[in-house]
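Beneath this line is the structure, given in structure tokens, with notes to follow.
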Amino acid sequence: MRDTQNAPQYESIILRVLWMLIFLMIWHVAQLVLGGLVLVQLIYRLIYGAPNGGLMNFGDSLSVYLAQIGRFGSFHTDQKPWPFADWPAPRAPEGEAPYAQPVRETKQP
């Protein structure tokens, strides 16, 4: 005989496991993207002497997103990460300042 009081909880855990498997696949793709970003940022830093601001911001957002997936997967939160929530906003840089494009002065005739 089946216990009907435990049925909704059992169904919700099955749905949670499916979401966790989907986010596990997303985790692996995002991890590869972050690894590629690290290499590109390193090359950019070697060429220009400072990191790229856009890559810094995207890397920080992607890192926070990976942390959100980890929190959801470890049952720390029930809030599903992006695309069910907003994409994480980048925080202010704590390391080197990003590369600033030199401003060209134009002469007025």
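How long are the semi-axes of the ellipsoid equivalent to region 11-109, from square roots of 5 times the Cα gyration tensor eigenvalues, in whole Å, largest first?
Numbers: eigenvalues 285, 40, 22 Å².
So the three semi-axes of region 11-109 are 38, 14, 11 Å.
Computed from backbone phi with θ = phi - 60° and the Karplus coefficients 6.51, -1.76 and 1.60, the 3J(HN,Hα) list for region 44-49 is 4, 5, 5, 6, 9, x Hz; x is used for glycine and proline.
Since every read-out is calculated from the coordinates, none of them should be taken as a lab result. Because the structure is a prediction, the values reported are computed rather than measured.
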